[in-house]
1. Which of the residues that make up the range 1-47 are more than 17 Å from Gln65 (Cα to Cα) and either acidic (Asp, Glu) or assigned to a loop (DSSP other than H, G, I, E, B) (or both)?
2. Which number in (1) at pLDDT 95 or above; (2) touching a helix residue (DSSP H, G or I) at 6+ places or on another chain (Cβ under 9 Å); (3) open to solvent by less than 70 Å² (accessible area, probe 1.4 Å) marks the one condition that Val63 misses?
3. Output the residue which, of all residues in the range 2-31 that are surrounded by 11 or more Cβ atoms within 10 Å (Cβ to Cβ) and aliphatic (A, V, I, L, M), is modelled with the lowest pLDDT.
4. Answer yes or no as to whether Ala52 is modelled with pLDDT under 95 and either of a type in the set (A, V, I, L, M, F, W, C) or open to solvent by 20 Å² or more (accessible area, probe 1.4 Å) (or both).
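The values are calculated or read from the model by the stated rules, or taken from the named source; none is laboratory data. What you are looking at is a predicted structure, and each value in this text was computed from that prediction instead of being measured. A quick note on method: Cβ atoms are made from the backbone with ideal geometry, for glycine too, and the neighbour counts reach across all protein chains shown. These area figures cover heavy atoms from the full protein model, side chains too; ligands, DNA and RNA do not enter into them. Shrake-Rupley method; radii C 1.70, N 1.55, O 1.52, S 1.80 Å.
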Amino acid sequence: MLLPDANTVDRLLRHYRTQERSVLARPCDLSVRRRFEDTAYTLCVLMGERTAHEAVRAAERYVAQGRPAPREALEGLAGS
């Protein structure tokens, strides 16, 4: 299984948090919301999760531990 670069995940996670604050500050700005949703989607794909909340949690664990956090990686170990 290929793992994402920890620096890329960290950068994307920081970008997500910055955009999250922007959306809260300007909830009616559709361009801000679209950028936030695009970043959330990218984080979901990168971390192999279905929701932004799960992806953010997985990314935080991945960056903190430096180990794979996507659910598929953990499920693959259980069947070994």
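1. Answer for the range 1-47, where residues must be more than 17 Å from Gln65 (Cα to Cα) and either acidic (Asp, Glu) or assigned to a loop (DSSP other than H, G, I, E, B) (or both): Met1, Glu20, Arg26, Pro27, Cys28, Asp29, Glu37, Asp38.
2. (1)
3. Out of the qualifying residues, it is Leu3.
4. So Ala52 fails the test.
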